[in-house]
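One structure is given here, and the rest of the page talks about it.
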Amino acid sequence: MNDSPAETLSGALARALDGVPPTQAAQAVERLIGSYRGRTPTDAPILRDRADVAAYAAYRMPATFEAVRSALAALADAAPEGWAPGSQVDVGGGTGAAIWAAAATWDGVRPVTVLDWAEPALALGRELAEAAPQLSSAQWRRERIGASLAIDDTDLVTVSYVLKELTEADRRSVIDAAAAAATQAVVIVEPGTPDGYARIIEARDRLIAAGYRVAAPCPHSAACPIEPGTDWCHFSARVSRSSLHRQVKGGSLAYEDEKFSYVAATRFDPAPPVDRVIRRPQIRKGQVLLDLCGAEERLRRETVTKRHGPLYRAARDTDWGDAWPPRSAG
């Protein structure tokens, strides 16, 4: 297609949501916000009908797309040159944001399957995917996301913004099922909150125990150096907001920042960065302060000054979540 997947998705959402009364969508959004931010996991679908799905698509899909795209980009950077998944299963994928993110990360058409327990979400996801040639053959399958979940073997399993909705036992079952089914990689994304980070750490530990190696964001597969309860590892993705998106969410800015935590783990040997920037860089006169998580399994701060020449210029262009040093800086 001529447009990028992000542009195609935006247009497909606008067409799908055309005619939905803003007040109806806004009311559904309010209920969804409570569901996603609450602390009680559920064993029933959060998305119940077309109004819910329309609200979900406007409120969450663009942000989920950007967060998962960021995580998949980090996986691609750590994978061998030219590697791309030959197939993908998206667990609890709803309207399919993660398969759109994969289409934005790797060229070509691949078999993709979205599993979710909400039929209205799958129906809208199927409708949206018709706009993208890469996704026109995607399979949309209704499955209960829990202990009984069965995942067909596939190169890549994605699980985004799902673990929050599950009981503790079901979370573990889903992570283990993803680990067993993926022949190449598993990517799990959760909200960038302390609770979301805790779920990512649990998933990370289970994936490592299953024989996976961490490709991103961590530069190593050892224990996370963050002392529990003192901080949490998360990142930020910039989300462009359509006028409809702003109307539904009641905002005026043309963008928002989606905070997320994630882990990308592989069965092959990845090449993670030497360091990862884990906070927004602080740019001061003549220097840039970078908070880093390093391959030496500790957190540290590096000060890059003008006397570092090209490295200083690279530091000024470096963003939260980036690898450090950038390969282009040599």
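Taking a ≥ b ≥ c as the square roots of the Cα gyration tensor eigenvalues, the stretch 191-314 comes out oblate, since a/c reaches at least 1.5 and a/b does not exceed b/c.
When the Gaussian network model of the chain links Cα atoms closer than 10 Å, the mean-square fluctuations of Arg267, Arg241, Arg307 top out at Arg307.
In Å², and per residue, what accessible area does the chain have when probed at 1.4 Å with the other protein chains present?
That works out to 44 Å² per residue.
Separation of the stretch 105-166 from the stretch 187-214 is 20 Å, based on Cα centroids. Shape analysis of the stretch 122-241 places it in the prolate category; the axes a ≥ b ≥ c from the Cα gyration tensor give an a/c of at least 1.5, with a/b above b/c. Estimated from helical segments only, the mean residue ellipticity of the chain at 222 nm is -11500 deg cm²/dmol, where each DSSP H run of four or more residues counts as -39500 (n - 2.57).
Over 18 Å apart: what share of the alpha carbon pairs of the stretch 86-131 falls there, rounded to a whole percent?
20
Sorting 143-153, 169-179 by average packing, meaning the other beta carbons within 10 Å per residue, from highest down gives 169-179, 143-153. The residues packed around Leu156, meaning those with a beta-carbon under 10 Å from its beta-carbon, carry a net charge of -1 if Lys and Arg are +1 and Asp and Glu are -1. Taking packing as the residue-averaged number of other Cβ atoms within 10 angstrom, the listed peptides 114-124, 308-318, 202-212, 91-101 run from highest to lowest as 91-101, 114-124, 202-212, 308-318. For the chain, the share of DSSP beta bridges that are antiparallel, to the nearest 5, is 65%. Only one of [x] 59, 52, 29; [y] 88, 50, 38; [z] 58, 44, 41 was calculated from the structure for Cα extents along the principal axes in Å, and its label is [z]. Highest mean packing comes first when the peptides 277-290, 186-199 are listed by Cβ atoms within 10 Å, giving 186-199, 277-290. When each full DSSP H helix of the chain is screened for a Cα extent of at least 24 Å along its own axis and an average Kyte-Doolittle hydropathy of at least 0.5, the helices passing are 61-78. Pairs of Lys residues in the chain are counted when their Cα atoms are under 29 angstrom apart and they lie 8 or more places apart or on different chains; the count is 5.
Each DSSP beta bridge with both residues in the stretch 72-214 is either parallel or antiparallel, and the antiparallel ones are about 0%. Computed over protein heavy atoms with a 1.4 Å probe, the carbon and sulfur contribution to the accessible area of the chain reaches 47%.
The values are calculated or read from the model by the stated rules, or taken from the named source; none is laboratory data. If you're wondering where the values come from, they're calculated on a predicted model, not measured in any experiment. All Cβ positions, glycine included, derive from the backbone under ideal geometry; neighbour counts span all protein chains shown. Heads up: the accessible areas ignore ligands, DNA and RNA and are worked out on the full protein's heavy atoms, side chains in. Shrake-Rupley method; radii C 1.70, N 1.55, O 1.52, S 1.80 Å.
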